[in-house]
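What follows is calculated from the coordinates using simple rules that are stated; it is not laboratory data. Given the structure is predicted, the values throughout are model-derived calculations rather than measurements. Note that each Cβ is placed from the backbone with ideal geometry, even for glycine, and that neighbours are counted across all protein chains shown.
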Amino acid sequence: MNWDQIEGKWTELKGKIRAKFNKLTDDDLDMIAGKKDQLVGRIQQRYGYAKDRAEKEADEVIRGL
């Protein structure tokens, strides 16, 4: 699944994203709205990851959907 598809199905996928990244709040997920850069930024903020690691984690969870 690519990021354009993710944006279109974000409402359906929020639960799966939340299962992987349980530190993200519902408000975070609403603000992210399927945008990769927003997701990466929130992962960095909530988990203290470097940008490269946050991007890798985001890509891995998307591949698993």
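What's the FRET efficiency of residue 7 with residue 49 using the Cβ-Cβ distance as r and R₀ = 22 Å, to the nearest 0.05?
The formula returns an efficiency of 0.50 here.
Run the numbers on the chain and let me know its relative contact order in percent, using alpha-carbon pairs under 8 Å that are six or more apart.
Contact order relative to length: 36 percent.
For segment 3-63, what Kirkwood radius comes out of the mean inverse Cα-Cα distance, in Å?
Kirkwood hydrodynamic radius for segment 3-63: 11.2 Å.
Tell me which of 13, 1, 43 sits at the most positive position along the dipole axis of segment 1-62, charges placed on C-beta atoms (Lys, Arg +1; Asp, Glu -1).
Going by the Cα projections, it comes out as 43.
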